[in-house]
Amino acid sequence: MHFHKIQGTYKATRVDGQIITIERAEEGSEWVSRYEDDFEGDNTAYFKTKREAVASENHIENLIRG
């Protein structure tokens, strides 16, 4: 996936159409990966670096592709 920087956040659309946003967490210096329309926060994941967040989302996309 290719993430595009938009006003301090990074967004990409996965092969299944899910829109993913990676940004700084509200607290601390961690990065957070969120899915659009996930109002409960079930799919929110935290990472030490943005690189780890991108790698995790790319791994999920590769699993979806099979």
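The values are calculated or read from the model by the stated rules, or taken from the named source; none is laboratory data. Keep in mind the model is a prediction, meaning the values are calculated, not measured. Note: ideal-geometry Cβ built from the backbone for every residue, glycine included; neighbour counts use all protein chains shown. These area figures cover heavy atoms from the full protein model, side chains too; ligands, DNA and RNA do not enter into them. Shrake-Rupley method; radii C 1.70, N 1.55, O 1.52, S 1.80 Å.
Does V15 satisfy the criteria of being open to solvent by less than 50 Å² (accessible area, probe 1.4 Å), among the aliphatic types (A, V, I, L, M) and either touching a residue at least 24 places away in the same chain (Cβ under 8 Å) or on the phi < 0 side of the Ramachandran plot (or both)?
No, not satisfied.
Only one of the numbered conditions (1) in contact with a Phe, Trp or Tyr (Cβ under 9 Å, 6 or more places away or on another chain); (2) open to solvent by 90 Å² or more (accessible area, probe 1.4 Å) is violated by Q7, and that is (1).
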